[in-house]
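All remarks here apply to the structure that follows.
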Amino acid sequence: MNYLLSLWRFPILSLLLSSLFLGALPVRAESISTSNQTLDRQVDKSSAQPLQTRIALDRLNDLELNPTQIPTKIAIDQSVKVSPQLEKQILEVIRRNPAVMLEVLQKYALEQQAKEQKAQAAALKLARKDTKSFIGDSPTTGASNRQIVMVAFSDFQCPYCATADKSVKQFMAKHKDKVTLVYKYFPLTQIHPEALPAARAAWAANKQGKFWEYHDALYTNQAKLGEAFYVETATSLKLDLNKFNADRKIADNAIVEDFKLGRKLGIDGTPTFIINGEVVTGAASLADLEKALAQVGKK
C-alpha cells in the first residue's frame, strides 16, 4: 500500500524518514532528496497488492498511467519552522531509536488501512443496494432489466482476464436473461504496456456499437496487441477509421473514471467481478461465478 509514501506529506515525518532510510542529515529542510526507486512488483491477483497501483491512482487526474517513481525531491512545508538545532536533535533520536519510528509508521499504516477498508465496505454495501448506479455509460450485455448486475473490472493484456473471460461467456450463455454484464476498464499499465492502448481502442469501438466484438478480438489475440492489430481489427469490424482514431484520443477520461471506481471498491488487481455486491477475484471459473450468483439469490 501507499501509506509509507503518504507520510512524506507531513513536514516533521518527512525529515525523520529521510534520516531513517537514507542515513544522511540534510543541510536544509527543502533540499531533502531520495534516490529513485522504480516499483515494479506484479499487480495481477497472483501477487500481493503493490505500492505502484496506489501511486498510479494519485496521478490519474494527469492521465499518467505509466510506471511511477518516488519523487526525487521532497519539499517541506515552510510554515513549520524547525531550527537547525531541533532538527539535529530529532534526527539523532531517530538514529538511536529506529524502533520508535517504525512504531509510528505501523500505527499510521493501520489507521489508514482501517479508514480505507471502511470506505470500501460502504461502497460494496451501496453496490448491493443499487448496482445499477455503477453502470453509467459502460458497455453492457445480457438481461435488460438490470436486476442482477455483474460488473467486470478487467485488463485486455492480463492473461488471467482472458482465462476468466471464457468462464464469463459460459456463465452469460446460461444466465443471459437473468444477469446483466458490465465491462469496466482497469488497465494495469505498470506490467502491461498494451493495457491502456487496448482499452482506448475498445472504448472507441464502443462508440460505434462494436464493443463486445472488439472485446472478444482483444482477448482472443493477446499476443498480437499493438497498433497494427488495433487498426486491423477496426477495419475487419467495418468501423469508421477516422472516427475510431479520433475517439481513441479522447478515451482516457472514461478509463480513468472506471479505474477510480475500482479503487473505491477496493480493487487492486484483475480480473475482479462484483455481482450485486458479491466479489469474485482472479481467473474465476464457471463454478466461482455460479457460487456468487447463488449467494445473491439468498439475499
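The values are calculated or read from the model by the stated rules, or taken from the named source; none is laboratory data. These numbers come from a predicted model, not from an experiment. Glycine gets a Cβ as well: all are built from the backbone with ideal geometry, and neighbour counts include every protein chain shown.
When residues in segment 272-299 are screened for being at pLDDT 90 or above, among the β-branched types (V, I, T) and touching an Asp or Glu at 6+ places or on another chain (Cβ under 8 Å), 1 of them pass.
Within segment 166-189, if we keep just the residues that are under 23 Å from the mean Cα position of the chain (by Cα) and aromatic (F, W, Y), the residue that is farthest from Q222 (Cα to Cα) turns out to be Y183. Could you tell me whether segment 277-298 includes any residue that is over 25 Å from the mean Cα position of the chain (by Cα) and part of a loop (DSSP other than H, G, I, E, B)? Scanning segment 277-298, I find at least one residue that is over 25 Å from the mean Cα position of the chain (by Cα) and part of a loop (DSSP other than H, G, I, E, B), so the answer is yes.
What are the residues in segment 105-131 that are modelled with pLDDT of 70 or more and surrounded by 15 or more Cβ atoms within 10 Å (Cβ to Cβ), if any? Step through it out loud before you land on a result.
Of all residues in segment 105-131, those modelled with pLDDT of 70 or more come to 105-111, 114.
Scanning segment 105-131 gives L105, Y108, A109.
Criterion applied to D288, D252, D247, D268 was being in contact (Cβ under 8 Å) with a residue 40 or more places away in the chain, closer than 26 Å to K178 by Cα and of a type outside the set (A, V, I, L, M, F, W, C), and the one residue passing it is D288.
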